[in-house]
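Have a look at the structure below, then the notes.
The values are calculated or read from the model by the stated rules, or taken from the named source; none is laboratory data. These numbers were taken from a predicted model, which means no experiment stands behind them. Glycine also receives a Cβ, built like all others from the backbone with ideal geometry; neighbour counts cover every protein chain displayed. With ligands, DNA and RNA removed, areas are computed over all heavy atoms of the protein, side chains included. Shrake-Rupley method; radii C 1.70, N 1.55, O 1.52, S 1.80 Å.
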Amino acid sequence: MQRALPQPTPETRHFWDGCKAGELRLQRCRACTHTYFPPRPFCPQCVSRDVEVVVASGRATLYSYVINHRPRPDMGKEPHSIAVVTLAEGPRMMTNIVDCPQTPEALVLDMPLEVRFEPQNDDITLPFFRPVEG
Amino acid sequence: MKSKSIAVVGAAETTRMGAVPELSNLGLNLDAALNAMADAGLTPQDIDGIATAGEHPWTVSTMLGIKPKWIDSTNVGGCSYMVHVRHAAAAIAAGYCTTVLITHGESGRSQVAPARYAPNPGTLFGQFESPYGLGAPVTQVTLPALRFMKETDTTEEDLALLAVIQREWAAKNPRAFARDPITVDQVLSSSMIAYPFRKLLCCLVTDGGGALILTSADRAKDFPTKPVYIMGTGEGIEHSIVSMMADMSTSGAFRLSGEAAFASAGITHADVDHVMLYDPFAHVPFYALEDLGFCGRGEAKYLYRERHTAPGGRLPVNTSGGGLSYQHSGMYGMFALQESVRQMRGIAAAQIEGAKVSVCHGIGSMFSAAGTIIFTNEA
């Protein structure tokens, strides 16, 4: 069963095009230098419309999570993490932590992570995160 | 709006609660409304304002034969009814209407014609959360908990103790859905739903509803019920989807709403005799106790460890049994309000002797919103 996938909007197209190209694209305000996510065509800190797309490092730390033991039908049968990570550039985003056991012992808050892109179809690539050595 | 200028003169729940397959989602709203009107000795012709969430105000008012000239369909999740109370009080004070009916009904368990929320893959949730497997609230409103627990040294045992203490309250309440005593060990060995949340750390799923009727304090004396006055109110929004929560160890919406409620009531925490804190999952009352200022940062766990929130304690919390043990239809806020009103009327199943001030606080959606009402029975 195909995982539920996002439908990009004009305001978010750059982010999803970035994922497809292997880049984690955030936005930064030219007026106040604030870097932010989720996408919008103005700065949430100073409301300037003078914003640019920037490529993030892909580094992050584990902020909080749950391990869902009753997965949605499109998510397989095994328990899986649903996590919020803090990007090195500051913003947070939701993801799954992959390439590690889906257990509390393997998923330690504040552990270092890096992005791993995984194509879902011709249009959509999702960013996941995996543990890295500190 | 002047403190204590508006009062609750009608309050009732549905005739039956728990499993009510003979009534639809809408029918539960209407049953609760009829009971609240009977409680206040009013007919639909006496009502000129309507507020509801889940069902639409025009459906509820038309089916009851009410012709409202003031309407509120604010839907900010389970605390919508706290927000309705606040808005209704302001509307009555402003002269927009005189008598407001607020209804809740939800066929959470039996799912008879429930209000459906269609997922949309283009929304913030559809794009940036749903692809990672989020579904029921147990995977969303729970997500901040591990961060809170780390920052405040709150443990899974603390969450379990809250569930145990609320079951002690529920045991005193014939209307509570779950009344059998439980232990911390039983809670921590119940089935895992979404780590760290086990089944007994999660709310019930039941059918039910409730309704309130508000009018001006001047008129309240003429009703058959003991008036319960609106002393202070607050509401607030912090974010939309839970991944946008600024600091997952404290709720900005709770702080906004709580500060406004206490400021407008003109009281301190020492004046509070009774507290209802919406508990969809066991971690939420810990946030509420800290964010509303009942204790300092990281101290909510001690209120449970020292049993201050338990029967006989100095700060009784969730005396009906709460969402974990009393009832939880989905948008639970109405049931918290009903218990506060019962405590202020002096008719609760687990009545707090001499209680004069009750704080009732609700969470909306995934820590997205909040509403707080402070009641008193002293004019």
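The table below lists the values:
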quantity	calculated
Chain B: angle of helix B:252-265 to the longest principal axis, Cα-based, in degrees nearest 10	40
Within-12-Å neighbourhood charge of B:Thr155 [Cβ basis; K, R +1; D, E -1]	-1
Sequence-distant residues sharing a close amide H with B:Met231 (under 5 Å, placed H)	B:Lys4, B:Ile374, B:Phe375, B:Thr376
A:Arg30/B:Glu353 FRET efficiency (R0 51 Å; Cβ-Cβ; nearest 0.05)	0.20
Highest average packing first - A:56-63, B:135-142, Cβ atoms within 10 Å	B:135-142, A:56-63
Theoretical FRET efficiency, 1/(1+(r/R0)^6), r = Cβ-Cβ of A:Glu78 and B:Lys2, R0 51 Å, to 0.05	0.30
Carbon and sulfur %, accessible surface of the protein assembly as shown computed with the full protein complex present, 1.4 Å	52
Inverse mean reciprocal Cα-Cα distance (Kirkwood Rh) of chain B, Å	20.3
Rule-of-thumb Rg ratio for region A:13-131 [Cα; 2.2 N^0.38 Å; N residues]	1.14
Helix-only mean residue ellipticity at 222 nm for chain A, each DSSP H run of n ≥ 4 adding -39500 (n - 2.57), per residue, nearest 500	-1500 deg cm²/dmol
Links that overshoot a 26 Å alpha carbon limit, given the list B:Lys4/B:Lys301; B:Lys4/B:Lys172; B:Lys221/B:Lys356; B:Lys2/B:Lys356; B:Lys172/B:Lys301	B:Lys4/B:Lys301; B:Lys4/B:Lys172
Threshold 50 Å² - residues in region A:1-42 whose accessible area is reduced by that much or more when the chain is no longer isolated, probe 1.4 Å	A:Gln7, A:Pro38
For region B:263-358: relative contact order, % (alpha-carbon pairs under 8 angstrom, 6 or more apart)	36
A:Glu114-B:Ala93 FRET efficiency (beta carbon distance; Förster radius 56 Å; 0.05 resolution)	0.50
For B:Ile193, residues with placed amide H under 5 Å, excluding near neighbours	B:Arg198, B:Lys199
Filtered trypsin sites (Lys or Arg not before Pro), region A:67-118: DSSP coil and at most 12 other beta carbons within 10 Å	A:Lys77
Charge sum, other residues only, whose C-beta stays under 10 Å from B:Met192's C-beta, Lys/Arg counted +1 and Asp/Glu -1	+3
Interchain or long-range residues, amide H under 5 Å from A:Arg25's placed H	A:Cys19, A:Ala56
HN-Hα J in Hz across region A:117-123 - Karplus 6.51, -1.76, 1.60, θ = phi - 60°, x for Gly and Pro	8, 9, x, 9, 7, 5, 9
Per-residue ³J(HN,Hα) for region B:50-67, Karplus 6.51 cos²θ - 1.76 cosθ + 1.60, θ = phi - 60°, Hz, x for Gly and Pro	9, 9, 7, 9, x, 7, 8, x, 6, 6, 4, 5, 5, 5, 8, x, 9, 10
